[in-house]
Amino acid sequence: MSQRRRIPGLFAPLLLVVAAGATSLGTPASAAEPAARARPLSQVVPAPASVSEGGPSYALTPRTRIRVDDDSREARRIGSYLADVLRPSTGYDLPVTARDARDGIRLRLGSKDASLGDEGYRLESGRHGVTITARRAAGLFHGVQTLRQLLPAAVEEDTRQRGPWTVAGGTIKDMPRYGYRGAMLDVSRHFFSVDKVKTYIDQMALYKINKLHLHLSDDQGWRIAIDSWPRLTTYGGSTQVGGGPGGYYTKADYREILRYAASRHLEVVPEIDLPGHTNAALASYAELNCDGVAPPLYTGTNVGFSSLCVPKAVTYEFVDDVVREIAAMTPGKYLHIGGDEAHSTPHKDYVAFMDKAQAVVGKYGKTVMGWHQLTGAEPAEGAVAQYWGLDKTSATEKAQVANAARNGTKLVLSPADRAYLDMKYDKSTPLGLAWAGYVEVRRSYDWNPGAYLPGAPAQSVLGVEAPMWSETLWTNDQVEYMAFPRLPGIAELGWSPAATHDWDAYKVRLAAQGPRMSALGIDYYRSPQVPWPAE
Ligand code: ACM
């Protein structure tokens, strides 16, 4: 397993290939945990809402079955997902069956406990097995993520390991604090293939993240095919930061991401950043520019220099076509229209533009999301503003957002000096940026979304999101090094009751994730703030 712990933060893809190659020599068995001692039910990340420990434990055996109700395709699908996780490391058959079995793992939908909501679950573990019950498939899926963490870390290895595979006895009843628990991936500054996105989706799902926000367009690249404006991708998607080849998602690619995200119970939130951050579009179509001249493609990392031409009618044909085509493909509720850093759009034009663009989103049946600069215009009814300010953001700007929240705008919190996963951990971090300061693991975790923005009502907060901007990142290894272990902390802020919030307890639970992340091949940052066990 130790070979899996790759040298962190490598820039050079070649070196990564060499290091990844070493994993095939992987040493057997996890030496990290005393195998026979079951992990306490309370040691899960995110912290469960309530835990009652005690009673006999359950150990998987070669005869263990995963039992689902006869009539539930969703439970069967989740059972197969669980079997796929457990089979390689245990070497057990783990058939997914509707046949009655005395022992085993039981996945049940149809709980009558309304307090579980759409995403909650109940997990009971005892001598004869583990039963996870939920009202909806998402709850069952989250319960399965918890069960993974109750098993030894080596269960996540993809080759056969020694057991025993013991789950402590007791009961967990668990449901989220917030319905919006997101992670964003910027696929514009550097393009990420469908497979890379799937890898990140699987990692998000481990910690019960339920929204994948894709930043699909920016100055450096347009990444989603729009049939009515084909040059957006064929030309506007043809490069990236530093001048590499770029890339884009065909509609089939995007649908595959949607399908895969849905299979992990994540909703995709597509973002087309408007009216700034639009150089890739402006370069692709001269008529979108006020002077009718297309600028060159852009491969640097400046912001704030591009703007759609607010007075031109063609701008709104463009916005209508783009929003219509994306809305038609996207089953989720939200369509994010950016609105940040429109420094080249006069304020009056910005307000006029955001009015029109929000109306188009509404026309195609979606709920508007925008970065919090949207509150400097007139947020549409039901709009969601994504706050990305810092501690040092001016009181005036914070008050503008809080005021909108008091007037009905909902908030998703992504404070850049807490939740931006591309910020360096400290001065030695080889990847990422530092314009919002260094964000160590404790700083990232130690804030309360419900009472964060002064004057914003607690009920205005839909949840949290951890954005990953990709100016300096293009491989999964790099993304993992920046996301882990901060993403589990943001996930916990979104899921766990405020009463469980405690850095000293959290850092111990997080430390126990170290061997698990290693077993999963996640190249995480070994923060000195966390008492990681020796691996
Ligand atoms: C942002 O970081 N410009 C939303």
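Every read-out reported here was derived from the displayed coordinates using simple, explicitly stated rules and does not represent laboratory data. Since this is a predicted model, take the numbers as computed values, not measurements. Cβ atoms come from the backbone with ideal geometry, glycine included; neighbour counts cover every protein chain shown.
Here the chain is assigned +1 on the Cβ of each Lys and Arg and -1 on the Cβ of each Asp and Glu. Its dipole about the Cα centre then comes out at about 1820 debye.
Could you tell me how far the Cα centroid of region 415-439 sits from the Cα centroid of region 111-158, in Å? Result: 34 Å between the Cα centres. Neighbour counting of Cβ atoms within 10 Å sorts the residues Met329, Met423, Met354, fewest neighbours leading, into Met329, Met423, Met354.
Within region 372-417, list the trypsin sites (Lys or Arg not before Pro) lying in a DSSP loop whose Cβ has at most 10 other Cβ atoms in a 10 Å radius.
On the way: sites: Lys392, Lys398, Arg406, Lys410; in loops: Lys392.
Sites meeting the loop and neighbour criteria: Lys392.
A simple charge model with +1 on the Cβ of Lys and Arg, -1 on the Cβ of Asp and Glu and nothing else charged puts the dipole of region 161-237 at about 340 debye relative to its Cα centre. From the alpha carbon centroid of region 454-496 to that of region 196-236 is 17 Å.
I want to verify the translational diffusion coefficient of region 238-279 in µm²/s; compute it with Stokes-Einstein, Rh as the Kirkwood radius over Cα pairs, at 20 °C and 1.002 mPa s. Each step should come with its number before you reach the end.
Details: Rh = 12.4 Å.
It comes out at roughly 172 µm²/s.
Among Asp218, Asp391, Asp253, the order by Cβ neighbours within 10 angstrom, fewest to most, reads Asp391, Asp253, Asp218. For the residue pairs Lys208/Lys251; Lys112/Lys251; Lys366/Lys398; Lys196/Lys410; Lys251/Lys333; Lys211/Lys356, alpha carbon separations beyond 29 Å are given by Lys112/Lys251; Lys196/Lys410.
Cα centroid separation, region 250-300 to region 380-411: 25 Å. Once the other residues with Cβ under 10 Å from the Cβ of Gly332 are scored (Lys, Arg +1; Asp, Glu -1), what is the net sum? Here the count lands on +2.
Other residues within the sphere of radius under 11 Å centred on the Cβ of Ser263, judged by their own Cβ, net out at +1 (K and R +1, D and E -1). Charge tally for Gly463 (other residues, Cβ to Cβ under 9 Å; Lys, Arg +1; Asp, Glu -1): +2.
Share of antiparallel DSSP beta bridges in the chain, in percent to the nearest 5?
Working: 19 of 63 bridges.
Here the share of antiparallel DSSP bridges comes out near 30 percent.
Contact order, relative form, for region 412-535: 27 percent (alpha carbon pairs under 8 Å, 6 or more residues apart, mean separation divided by residue count). A protection proxy built from the mean count of other Cβ atoms within 10 Å ranks the segments 122-130, 84-92, most packed first, as 122-130, 84-92.
Which value at 222 nm does the chain reach when only helices count, each DSSP H run of 4 or more adding -39,500 (n - 2.57), with the total divided by all residues and rounded to the nearest 500 deg cm²/dmol? Intermediate results must be reported in sequence, preceding the final value.
Details: 15 runs with 167 residues, N = 535.
Taken over the chain, the calculation gives -9500 deg cm²/dmol.
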